[in-house]
Amino acid sequence: MKTFDFSGKNVLIRVDFNVPQDDQLNITDNTRIKGALSTILSVLNSGGTAVLMSHLGRPNGEISVKHSLKSLVGEIGSLTGATVHFADDCIGDAAKDVIEAAGPGEIVLLENLRFYKEETDGDREFAGALAELGDIYLNDAFGTAHRAHASTAIIAEYFDDDCKGFGALMDAEVKSISKALGSDRATTVAIIGGAKVSSKIGVISNMLENVGTVVIGGGMGFTFVKALGGQIGTSLVEDDKLELARALILKAKDNGCNLLLPVDTLITKYFADTPAERNCPIGEIPDGYMGLDNGPESVEAVKKVLQNATTIIWNGPMGVFEFENYASGTKTVAEAIAKSTANGAFSLIGGGDSVAAINKFGFADKVSYISTGGGAMLEFLEGKELPGVAALS
């Protein structure tokens, strides 16, 4: 986008304003809107009109007040300091008339794209109708880049190469993840946590081939431990993924990757924020007990591998960090990542829980990059081609 002259142009920007709201439609977290500010303000300050298109929720092709982007107008205006016009449709004359009435340095917010099922269907006619609204197309919605939707991939076909490109956020996402994946293998550490192996199979498999150390944490660790014959009590486990876990362990050996599994855990009888009964070897959990956080030995092992890391990829917590009694494992890892970053490592944080954790513990400004796209980042880390990226590459 740095190569474009936005002056006097209608700049169609695909943003990801799928923000959380309360029952009164008040925005409870404006992070995604803030993420697009750099692109929007670049257009406005250059004398262009920013035409914003986004989805909100999953209306499945049905019009509803709950999913209308009209509730976002005030927040967008407050954050940008610009006049925001709202179009009660995202295509056709209703949208064109509002855009025509807007002046340079002003914003037009189109109605929810997903009020049309053609958006998620990747319909070409719908993409063409969207394309008629702009002179230049920018995709700044990394969070939806893994979807071949009309506004994220198909629309690019309707713009010449010199009139389409990445927005600032999209550009930063692609460059940061590409940098992490292209770093020196031996000194790259990937920390993969969370509840289930099944949701991270592709990421773990790809990381085993491309990084020196893969750290497994969180609930998924128990599936690996049980696969190796350990006793895990009532801890979270995917019994149908035991064979897969064993295959991943063998793959790590075949690829010369250090697969670091947890060795101890804090155990309790109930899934509640009550003090742990004790620390326990992770393969010797008594019947009736469950592990809810990495123990001190596991945490120290992670800290040790991070000391010499030049690149760190973190996706998923080490335990139930939402409970204060079981937050230590995740907090200590976040702190270690921040320390390594201060010593020169490049750290990439992604995935809703990891981002929530890094923010909760106050280390958001102490890491290199925090990705805004959970599913998109996972697929990028798996080595998959993202339609929204490929359309502009």
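Taking every DSSP bridge with both residues inside the stretch 182-382, close to 30 percent are antiparallel. Within the shell defined by Cβ-Cβ distances under 10 Å, the residues around Val15 carry a net charge of 0, with Lys and Arg each +1 and Asp and Glu each -1. Between Lys179 and Ser78, the simple label model (points 7 Å from Cα in the Cβ direction) yields a spacing of 3.2 nm. Pairs of lysine residues in the stretch 10-168 that meet both criteria, 8 or more places apart or on different chains and Cα atoms under 25 Å apart, total 10. Each helix, a run of at least 4 DSSP H residues, gives -39500 (n - 2.57); summed and divided by the residues of the chain, these come to -10000 deg cm²/dmol at 222 nm.
Projecting the Cα positions of Leu250, Ala391, Met53 onto the charge dipole of the chain (unit charges on Cβ atoms of Lys, Arg, Asp and Glu, taken about the Cα centre) puts Leu250 furthest along the positive direction. Separation of the stretch 316-389 and the stretch 210-288 by C-alpha centroid, Å? Going from one Cα centre to the other spans 20 Å. Only the Cβ atoms of Lys and Arg (+1) and of Asp and Glu (-1) were treated as charged; on that basis the dipole of the stretch 182-382 about its Cα centre amounts to roughly 380 debye.
If R0 is taken as 30 Å, the Cβ-Cβ distance between Asp121 and Ser198 corresponds to a FRET efficiency of 0.65. The mean sequence distance of close C-alpha pairs (under 8 Å, at least 6 residues apart), as a share of the length of the chain, puts its relative contact order at 15 percent. Taken about its Cα centre, the chain carries a charge dipole of roughly 1300 debye when the Cβ of each Lys and Arg holds +1 and the Cβ of each Asp and Glu holds -1. Bridges between two residues of the chain, per DSSP, are antiparallel at a rate of about 20%. The lysines whose alpha-carbon is closer than 18 Å to the alpha-carbon of Lys304, local same-chain residues fewer than 8 away aside, are Lys331, Lys339. Each Lys and Arg contributes +1 and each Asp and Glu -1, all at the Cβ; summed about the Cα centre of the stretch 10-168, the dipole is approximately 500 debye. Averaging the sequence gap over all C-alpha pairs within less than 8 Å and six or more residues apart, then dividing by the number of residues, gives the stretch 240-303 a relative contact order of 33 percent. Segment Glu277..Ser7, full-extension length gain: 90.7 nm, with 0.36 nm per residue of separation and the alpha-carbon distance subtracted. The chain: D in µm²/s via Stokes-Einstein (Kirkwood Rh, Cα pairs, 20 °C, 1.002 mPa s)? Estimated via Stokes-Einstein, D reaches 96 µm²/s. All other residues whose Cβ lies under 15 angstrom from that of Asn258 are scored, Lys and Arg at +1 and Asp and Glu at -1, for a net of +2. Which net charge results when you count Lys and Arg as +1 and Asp and Glu as -1 among the other residues whose beta-carbon is under 15 Å from that of Asp123? With Lys, Arg at +1 and Asp, Glu at -1, the net is -2. The residue list Gln231, Thr144, Leu113 was ranked by how far each Cα lies along the charge dipole of the chain toward its positive end, using unit charges on Cβ atoms, and Gln231 comes out on top. Here's the picture: charge each Lys and Arg Cβ at +1 and each Asp and Glu Cβ at -1 in the chain, and of Val320, Ile370, Ile76 the one pushed furthest to the positive end of that dipole is Val320.
FYI, it's all coordinate maths here, none of it is from the lab. Worth saying up front: this structure is predicted, and the values here are computed from it rather than measured. Cβ coordinates were reconstructed from backbone atoms using ideal geometry, including for glycine residues, and neighbour counts include every protein chain displayed.
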